[in-house]
Amino acid sequence: MVWVWVLLALFAWIVLIVRLQQSGTLDRWNATRMLGIILMIRSERGLPTLERVSKPRRFWRYWGEFTLWTCRIAMVVMIGLLLLTLFSSFLRPTVAEPPSPRTLVAVPGLNPMIPLGWGLAAFIVALVMHEFAHGLQARAHGMRIRSFGLLLLGPLPLGAFAEPEHEELLKAPRHERQRLFAAGPGMNLQIAVLCMLLIGPIVGAMMPIQEGVHARGMVIDGPAEESGIYPFEIMTHVNDTSISGPDELRDLMKHEYAANDTVTITIYNVSSTSSREITLTFADRMEYYLSECKQDPTCDLATFEQDLEEMGVKSGQAFIGISGMAASDDGVARLSLPLFEDGTTAERILFSLTHPLELLIIPSPWMNNGRAVHPDQASMVMADTSLLGSILGTSGLMFVLNGLFWMIWTNLILGLFNLIPLVPFDGGHMFRDRLHDWMEHGRRLGQKVNAWNWHPIRSEELARGGVRVMGCLMAAALLVPLIMLYV
């Protein structure tokens, strides 16, 4: 039924813009209809601001060079990830229930996991900064900007653009063009990193309401479920020993207790703000995993038992039967950079490099029903007594945290997606000019060693051919995994 309304709205939109075009209204608005259904609106607003901001031309050229190399590295990462996705799509088992098409479209409001308010606001900011960065690089290299513009499909912004003088863009040196094309996605990536840094103080101004350990789920018929522990309830003590994190609970079960030991666990319920004590008898960790193997006809019991022993699982070890174990403040703490966490230098560097992808994949909106923090985990923290915590309060801190999260998520998506080497994306234009550079270097090398000497036009033809091949490969990497979900 939803798709019926979508199609009706699309039909009404087409009728509206056709009538506006026929009446000459679009010409008066300096607007154009594209591909039948997309409205391109141009405006000269923002050009004076662009001229003022772009005055330190040398600074913006240095910034453009830094951004260009950042985007080249990010492009290589994107190519690797897309090729890995393409190859792995042929190895994955068939999905019994493929995801709804709505969840595959990153449109705020249409995708149920992207909230309309935060998603649309972050998307508009990301688009504006993306195109303004293109304009900055154009002016820094002496190219004029005719207008800024917006691409609309009904009320939804599909994209934005900074329209340079076409002839000046074509005549510009290839390296300067690459800086211009890299500026937009580079700005998005830099905004995402800045927001990641800003999340740290926000998380630092929060504290757990009650220190302890909670779990996202319970093993069916496991000790925790049978004892009456529910998901997202906080375990604060085992007998008289306090626990503040998963590692402490694991160490207790490994070194202090064994299977069939009975303990008293103190439980704190955030909703009722009350504590209770329950009695729990640990199960045998090895027996639990072996019982799971016995229920699977494809599982070889002897091999599986040997694998468990190699992983340190032994008979008689205590097993509590919970999954997704985390500390009370884990819901917000996982969003912060390792600058605000413990760990060795190597661990912090590695986490810093992988944190952007982790924000996109692991704690994504799909895990928390479109929220940066799971509601039950959000209720486990409150503002501390610091200056920032006192000013914003708990609700203010969570508001800022959600805004920063969606700024990170939207800017990463927009920046990385635009770096795919596929025309008309910025990455496609960057790849074409870079490939042209390589062909020219090869031509000059051939001249120097008297091995070959093709015409400069041949370099351009080879570059275009390489872009077409890469474009087909990237299109396949984007489309084939989606098609395989429904085959």
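What follows draws every value from the coordinates through simple rules; no lab data is involved. Model, not experiment: these values are computed from the prediction. Reconstructed Cβ throughout: ideal geometry from the backbone, glycine too, with neighbour counts over all protein chains shown.
For segment 275-289, backbone nitrogen atoms closer than 18 Å to the point 7 Å from N260 Cα along Cα-to-C-beta are found at 280-289. The dipole here belongs to the chain: it is taken about the Cα centre, uses +1 on the Cβ of Lys and Arg and -1 on the Cβ of Asp and Glu, and is about 3820 debye.
Among the listed values (1) 26.8; (2) 32.0; (3) 18.5, the one computed from these coordinates for mean projected area of the Cα convex hull in nm² is (2). Per-peptide packing, taken as the mean over residues of other Cβ atoms within 10 Å, places 201-207, 300-306, 59-65 in the sequence 201-207, 59-65, 300-306 from highest down.
Highest mean packing first, where packing is the average number of other Cβ atoms within 10 Å per residue, the peptides 430-437, 266-273 line up as 430-437, 266-273. Rounded to 0.05, the FRET efficiency of the T32 and Q306 pair, given R0 = 56 Å and the Cβ-Cβ distance, is 0.25.
With the highest mean first, a sort of the peptides 410-421, 324-335 on other beta-carbon atoms found within 10 angstrom per residue produces 410-421, 324-335. Rounded, prolate or oblate, given the Cα gyration tensor of segment 1-91, with a/c below 1.5 counting as rounded? Judged from the Cα gyration tensor, segment 1-91 comes out oblate (a/c at least 1.5, b/c at or above a/b).
Taking 0.36 nm per residue of separation and subtracting the current Cα-Cα distance, fully stretching the chain between V18 and I391 would add 129.1 nm. For the chain, lysine pairs separated by 8 or more sequence positions, or belonging to different chains, with Cα-Cα distances below 28 Å total 5.
In the calculated pair-distance distribution of segment 378-463, the portion above 22 angstrom amounts to 59 percent of the Cα-Cα pairs.
Amide H to amide H under 5 Å from M206: which residues, 5+ apart in sequence or cross-chain, H placed 1.01 Å off N in plane? Amide H to amide H, under 5 Å and 5 or more residues apart or across chains, M206 pairs with D384. Computed extension gain for W454 through S275, at 0.36 nm per residue and net of the alpha carbon distance, reaches 56.4 nm. Between D437 and S242, the simple spin-label model (points 7 angstrom out along Cα→Cβ) gives 5.8 nm. Measuring r between the beta carbons of T298 and F66 and using R0 = 41 Å, the FRET efficiency lands at 0.20. Once the Cα-Cα distance is subtracted from the 0.36 nm per residue extended length, the E167 to E226 segment shows a gain of 13.9 nm.
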